[in-house]
Amino acid sequence: RGKEERHRVRMPRLRAVKEYKDKRKSMDGVERNIFKFKKGNEEKRKEMDKEEKLFRETFMYHREIRVLATATAQRSVPSQRRADLPLTAGERLEVIEAAQGHAVICRNARGRYGYVLVEDLNFR
């Protein structure tokens, strides 16, 4: 062997890079919809805005909506009036305002508002 061959470093062939390039080329031909996620959020936001508008009209609530606490429903309770919020056991609720008596105004995960009795909530 000559001096040049002795100090020459052998580099392995990078086959993975070529495979990655081929895979990337095949992916470029596929059309992807990157706005699908945002469209779902837009629909959800519109529904939440509709529920908030209905809440403000029903309860004559003109202040800023602030969450005072979070609570969990202890048991399932069907709504008996339009202003009551139906509950399912284990559902997480956000307390908006402590109303008169034993009821508080809450919001559920779907954005619906209504009265809930304090006895039905667990504040831990």
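Brief remarks follow.
- The lone exception for Ala109 - which of (1) in contact with a Gly (Cβ under 8 Å, 6 or more places away or on another chain); (2) within 26 Å of Asn41 (Cβ to Cβ); (3) small (Gly, Ala, Ser) it fails: (1)
- Any pair with Cβ under 6 angstrom, 6 or more apart, that starts in the stretch 101-117 at a residue that is over 11 Å from Ala71 (Cβ atoms) and aliphatic (A, V, I, L, M) and ends at one that is open to solvent by 50 Å² or more (accessible area, probe 1.4 Å) and in a loop (DSSP other than H, G, I, E, B): Leu117/His102
- Highlighted here are the strands (runs of 3 or more DSSP E) found entirely within the stretch 47-120 that include at least 1 residues which are at pLDDT 90 or above and open to solvent by 60 Å² or more (accessible area, probe 1.4 Å): 69-73, 92-98, 113-117.
The values are calculated or read from the model by the stated rules, or taken from the named source; none is laboratory data. What you are looking at is a predicted structure, and each value in this text was computed from that prediction instead of being measured. Note that we place each Cβ from the backbone using ideal geometry, even for glycine, and neighbour counts take in every protein chain shown. The accessibility values were calculated without ligands, DNA or RNA, using every heavy atom of the protein model including side chains. Shrake-Rupley method; radii C 1.70, N 1.55, O 1.52, S 1.80 Å.
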